[in-house]
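Contents: one structure, followed by commentary.
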Amino acid sequence: MQVTNSDRSLIVRGARVLLAGTRWKLAVGVIAASLLSGCTAPLDMLDPRGPRAARVADLWWFMFWLGLAVYVVVLVLLFYAVWRAWRRRAQPEARPRLGQILVWGGGIIVPIIVLLATLIYTIRIGAEVAAPPKPTELTIEVIGHMFWWEVHYPDQEIMTANEIHIPVGQPVEIQLTSVDVIHSFWVPQLHGKIDLNPWMSTSMWIQADEPGVYRGECAEFCGVQHARMAFQVVAQPPEEFAAWLEQQRQPAPQPTDPRLLRGQAIFIDAGCAQCHRIEGVTASTISGTPGPDLTHIGSRRTLAAATLENTRGNLAAWIVDPQAIKPGNNMPPTNLNSEDLLALLTYLESLE
Ligand code: CUA
């Protein structure tokens, strides 16, 4: 049978549509690439800063190159077929043997090899990332709340929130659980994601190879403020970390300055103390406190689970109307006159 002119024009039209599609995809690709080029640190898992995150990135690149290779081979075969049909005037003779090779090879054997290689490599990386390093000198417990992170250092008897300090260059065990719904702990530059389950405790080991502040996010939808449930991991040189531990172990100092005393009284009387703990001021240890521990709030970098920078203005806005900043969080507004608010702010800022 001859290839007619209408067949040829159909092939030409098909090729045009395909090329137009490719141009469109190319344009989208270029725009996406330029937009995404801003997506480097602090949430770039392809810019790992610890050994486990590096292995996760290795797996990503392995899958990327393998997927790209399969894509290129399929495209080459497709264009070759189109080109052959275009070049030949006559209908190509039937080649059942080639068809069989393509179906068995391309449809069954190659996919089995590709998927098996991916499976084996994934299992290997998963085992490496999940294996506990020996020895682990520091364990930190992280408890997920809607919508913030409670942080304990059990051996050092320290409690804090939304900010995890670790020493640089050594593996740190993070034990994870939740008091309400499922959250997910994700610091892309230090590790993959791990869920926090209300009914069980899970462990992961993070390690930062260089000092810095690494941003973490909740990576499991957990309610209206899931997007504002972030935290920071601050990796410090060992001596700086030791100094931080020592500072955090101290209870809040008893103020003597009248303004600070007034601020402390407001903290207790205005209802803050019903949910927030200040070591040395309120009940000594409450595990699973309804609100973040504020013993050293003045030394923290952020407020409201890394939503706001810790400045006086942001702290005032947060205390007065937290629902305007994070609608649906558990903190109610606090009605204070400006003098009381100033005294409270001064007191909280003094808690370093
Ligand atoms: Cu917690 Cu999403």
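Restricted to segment 119-160, and to residues there that are within 16 Å of the ligand (Cβ to nearest atom) and among the hydrophobic types (A, V, I, L, M, F, W, C), the residue that is farthest from Ile182 (Cα to Cα) is Val151. Of the residues Ile140, Ile123, Ile174, the single one that is out of contact with any helix residue (DSSP H, G or I) (no Cβ under 8 Å at 6 or more places or on another chain), free of Cβ contacts under 8 Å to residues at least 60 places away in the same chain and under 30 Å from Leu68 (Cα atoms) is Ile123. Within segment 240-268, the only residue that satisfies the criterion of being under 15 Å from Ile319 (Cβ atoms) and free of Cβ contacts under 8 Å to residues at least 24 places away in the same chain is Ile268.
Reported count of residues in segment 202-219, each being buried (at least 20 other Cβ atoms within 10 Å of the Cβ) and within 10 Å of the ligand (Cβ to nearest atom), is 2. With respect to being buried (at least 17 other Cβ atoms within 10 Å of the Cβ), small (Gly, Ala, Ser) and in contact (Cβ under 8 Å) with a residue 60 or more places away in the chain, Gly271 falls outside the description. Of the residues making up segment 87-102, those that are open to solvent by 90 Å² or more (accessible area, probe 1.4 Å) and assigned to a helix (DSSP H, G or I) number 6. Pairing residues of segment 62-86 that are open to solvent by less than 90 Å² (accessible area, probe 1.4 Å) with residues that are at pLDDT 90 or above, at Cβ distances under 6 Å and at least 6 apart in sequence or on separate chains, gives Phe62/Tyr121.
Out of curiosity, is Thr282 among the polar types (S, T, N, Q) and in contact with a Leu (Cβ under 6 Å, 6 or more places away or on another chain)? Judged against the criteria, Thr282 is not a match. Within segment 293-320, being in contact (Cβ under 8 Å) with a residue 40 or more places away in the chain, among the small types (Gly, Ala, Ser) and not in a loop (DSSP other than H, G, I, E, B) holds for Gly298, Ser299. Selection of first residues in segment 329-347 that are more than 15 Å from Gly313 (Cβ to Cβ) and of second residues that are of a type in the set (Lys, Arg), restricted to Cβ pairs under 7 Å at least 6 apart or on distinct chains, gives the following pairs, ordered by first then second residue: Ala343/Arg259; Ala343/Arg262. Among the residues of segment 173-201, the one identified as of a type in the set (Phe, Trp, Tyr) and away from the ligand (no atom under 12 Å from the Cβ) is Trp199.
Within segment 221-268, if we keep just the residues that are within 15 Å of the ligand (Cβ to nearest atom) and buried (at least 20 other Cβ atoms within 10 Å of the Cβ), the residue that is nearest to Ser178 (Cα to Cα) turns out to be Cys222.
One residue stands out among those in segment 176-201 that are open to solvent by 30 Å² or more (accessible area, probe 1.4 Å) and among the hydroxyl-bearing types (Ser, Thr, Tyr): the one that is nearest to Glu309 (Cα to Cα), which is Thr177.
The values are calculated or read from the model by the stated rules, or taken from the named source; none is laboratory data. Please read these numbers as outputs of a predicted model, since none were measured by experiment. Using ideal geometry, Cβ is built from the backbone for each residue, glycine included, and neighbour counts are taken over all protein chains shown. Surface areas here come from the heavy atoms of the whole protein model, side chains and all, with no ligands, DNA or RNA. Shrake-Rupley method; radii C 1.70, N 1.55, O 1.52, S 1.80 Å.
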